[in-house]
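To start, the structure under review is shown below, and the notes come after it.
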Amino acid sequence: AQSVTQLGSHVSVSEGALVLLRCNYSSSVPPYLFWYVQYPNQGLQLLLKYTTGATLVKGINGFEAEFKKSETSFHLTKPSAHMSDAAEYFCAVSPRGGADGLTFGKGTHLIIQP
Amino acid sequence: GAGVSQSPRYKVAKRGQDVALRCDPISGHVSLFWYQQALGQGPEFLTYFQNEAQLDKSGLPSDRFFAERPEGSVSTLKIQRTQQEDSAVYLCASSGPTGSNEKLFFGSGTQLSVL
């Protein structure tokens, strides 16, 4: 069984500030972890993924996430927020590395204050 | 096509009506997925096809839900005798072309409202 918990349904940061979106997972097998972003009226887009190897994963648009097995976490960060980052962000876990069997979190709505 | 296309974009149905939602995946993509996203929730898996074969339908919430992909490309999700709890955004995603499922490409979804 696997599940994802995203802490905070809404996160608000000022433009230029650090973005931190939290994700904790539970999985009975070594997990594969994903972050997706959903802009208004658009489909979900893959931001980044962790499968094996380096635990710090870099994605698109300056985002990165670090897999911490001891904390069962995969938090998403970006050093400096931009207005265009305002969107819904979803963390997801898969037991097999592929998209079949993906379990999504409930999402975090990121608000950027000017 | 350039991306995953879903139609209609919006659908309003009266309770008890049947609806059919269409998904055109990216050309050549082997795998196709349907997800249901309720308001304020993350997407929840419904069913999965590899070519025309439905390999997993464990997420379909009831026998009123039926999906098909007869020629291994376009897929249709059908909901019979719609209920208010069926109101959600239905997302389609595809991946491939080699069968690799590492990256999903999502459509914009069909927003279903059952009155």
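FYI, it's all coordinate maths here, none of it is from the lab. Note that the structure is predicted; figures quoted are calculated from it, not measured. Every residue, glycine as well, gets a Cβ built from its backbone with ideal geometry; the counts of neighbours run over all protein chains shown.
Computed about the Cα centre, the dipole magnitude for region A:48-106 is approximately 140 debye when only Lys and Arg (+1) and Asp and Glu (-1) carry charge, each at its Cβ. Between the residues B:60, B:10, B:50, the greatest Cα displacement towards the positive end of the dipole of chain B, with unit charges on the Cβ of Lys, Arg, Asp and Glu, is found for B:10.
Backbone phi angles across region A:37-49, fed through the Karplus curve with coefficients 6.51, -1.76 and 1.60 (θ = phi - 60°), yield HN-Hα couplings of 10, 10, 7, x, 6, 10, x, 5, 10, 6, 8, 6, 8 Hz in residue order; Gly and Pro are listed as x.
Note down the net charge around residue B:22, summing +1 for each Lys or Arg and -1 for each Asp or Glu among other residues with Cβ under 13 Å from its Cβ. Could you put the intermediate results ahead of the total?
Details: positive: B:9, B:11, B:69, B:78; negative: B:24, B:68.
After counting each charged neighbour, the total is +2.
Sorting A:49, A:69 by the number of Cβ atoms found within 10 Å of their own Cβ, with the fewest placed first, yields A:69, A:49.
Can you sort A:52, A:72, B:47 by how many other beta carbons sit within 10 Å, fewest first? If you can, show how the numbers build up before the last one.
On the way: A:52 9, A:72 14, B:47 22.
By the 10 Å Cβ count, ascending: A:52, A:72, B:47.
Selection among A:72, A:86, A:107 by position relative to the dipole of region A:9-114 gives A:72 as farthest towards the positive end (Cβ unit charges, Cα centre). Within region B:26-115, the percentage of alpha carbon pairs spaced more than 23 angstrom apart rounds to 20%.
Pairs exceeding a 31 Å alpha-carbon distance, out of A:106/B:78; A:78/A:106; A:69/B:78; A:106/B:11; A:68/A:106: A:69/B:78.
Grab the other residues whose beta carbon is less than 13 angstrom from that of residue B:8, score K and R as +1, D and E as -1, and report the net. Walk me through the numbers on the way to the answer.
On the way: positive: B:9, B:11, B:22; negative: B:24.
Taking every Cβ under 13 Å from that of residue B:8, the sum is +2.
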